[in-house]
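A.B. asks: So that we are looking at the same thing, I have put the structure below in structure tokens.
Nothing in this text is a laboratory measurement; each read-out follows from the coordinates by a stated rule. Since the model is a prediction, treat every value here as computed from it, not as a measurement. Methodologically, a virtual Cβ is constructed for each residue, glycine included, from the backbone with ideal geometry; neighbour enumeration extends over all protein chains shown.
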Amino acid sequence: MCAGVVPEEQLARQRSWLGDSWIWLLRTRVLAGRKEGLPRPTALDVGCGPGLVMELLSPFIDVEGIDIDHRMVSESTARGLRARVARAEELPFEDGAFDIVYCSFLLLWTADPVKVVKEMARVSRDWVICLAEPDHFGRISYPPEITAVDRLFIDSLRRQGADPQMGRKLQGTYARCGLRPDMGVHASMWNDRSVREGSDAEWNSLVPADEGGAEDALRNDWDAAAANGSLVQFNPVFYAMARKGR
Ligand SMILES: C[S@@+](CC[C@H](N)C(=O)[O-])C[C@H]1O[C@@H](n2cnc3c(N)ncnc32)[C@H](O)[C@@H]1O
């Protein structure tokens, strides 16, 4: 399996948390400044996965995607989206080929994020956007009995080759590419019902299956917290938006 191939169910959960925020950023920051009557801007989704983000944003932009993993490309095309196999470090497009080049949950999985953002900037004629890069060292888990989950998750990400601190490195990554981004952290909203209903999926996404029975006590504490309404899992997800030459 290629680095960063995350189960589609998890990508769908991420889209459900962040999708409104992505659309808001696109509408208020990117599209609002465009002259009326122009066709939809062209866009490239780098590391598009199964196409969930492209599907969400395609009413607003004329988007196509690339991914290093051919199965992800097939899933995108099965959704009726345009996608092809390519590496983010070597995009098969001419300089300035797209109005917008964006990625989400990609850089943490790459060995050289500066190289990727430089390449994104090369094929963009205007916007270079990272819609989402998490920072797992900024996690808040509550109640205290369940904070061991944070370490299990961070260790598991590192074993898979990901950088759990990519979020906080995003601004410096842009700076090293000569880009001056507007930075932000996505806001969240939840209630006790959504926490209870999502708690199994959240546990499964955080605690690797191969951790075995040693985590049984932790799981009991987790379930108790979900049931009594005290479970909090907060993970800052950063974004960066820059325009070339500004
Ligand atoms: C966590 S998934 C995110 C998918 C999608 N962007 C989303 O937010 O739903 C990361 C994707 O990046 C792809 N990927 C990882 N390294 C890559 C690289 N060097 N070049 C292109 N794609 C890459 C993986 O195959 C995977 O589909």
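A.B. asks: Top mean-square fluctuation among S74, S205, S104, Gaussian network model of the chain, C-alpha springs under 10 Å?
C.D. replies: Comparing S74, S205, S104 in a Gaussian network model of the chain, the most mobile one is S205.
A.B. asks: Something else now. Counting only DSSP beta bridges with both residues in the chain, what percent are antiparallel, rounded to the nearest 5?
C.D. replies: Numbers: 14 of 33 bridges.
DSSP beta bridges in the chain are roughly 40 percent antiparallel.
A.B. asks: Using only Cα atoms, locate the centre of the range 194-246 and the centre of the range 80-134, then give the distance between them in Å, rounded to an integer.
C.D. replies: Value for the Cα centre distance between the two parts: 28 Å.
A.B. asks: Let me ask something additional. Compute the longest continuous run of the chain that contains no exposed GluC sites (Glu not before Pro); treat a site as exposed when its DSSP state is not H, G, I, E or B and it has at most 15 other Cβ atoms within 10 Å.
C.D. replies: Details: sites that count: E36, E89, E94.
Excluding the exposed sites themselves, the longest stretch runs over 95-246.
A.B. asks: When only Cα pairs under 8 Å and 6 or more residues apart are kept, what is the percent relative contact order across the range 151-246? If you can, show how the numbers build up before the last one.
C.D. replies: On the way: 66 pairs, mean separation 47.2, N = 96.
Once normalised by length, the contact order is 49 percent.
A.B. asks: Follow-up. Could you work out the local net charge near F234, counting Lys and Arg as +1, Asp and Glu as -1, over the other residues with Cβ closer than 12 Å to its Cβ?
C.D. replies: Details: positive: R139; negative: D135, D150, E202.
Result for the neighbourhood of F234: -2.
A.B. asks: Debye calculation, C-alpha points only, no solvent: report log10 I(q)/I(0) for the range 85-229 at q = 0.10 Å⁻¹, in the same order as the q values.
C.D. replies: -0.46
A.B. asks: For the chain, what's the relative contact order in percent, using C-alpha pairs closer than 8 Å and at least 6 residues apart? Present the calculation step by step, with values, prior to reporting the outcome.
C.D. replies: Details: 410 pairs, mean separation 49.1, N = 246.
Once divided by the residue count of the chain, the mean separation gives 20 percent.
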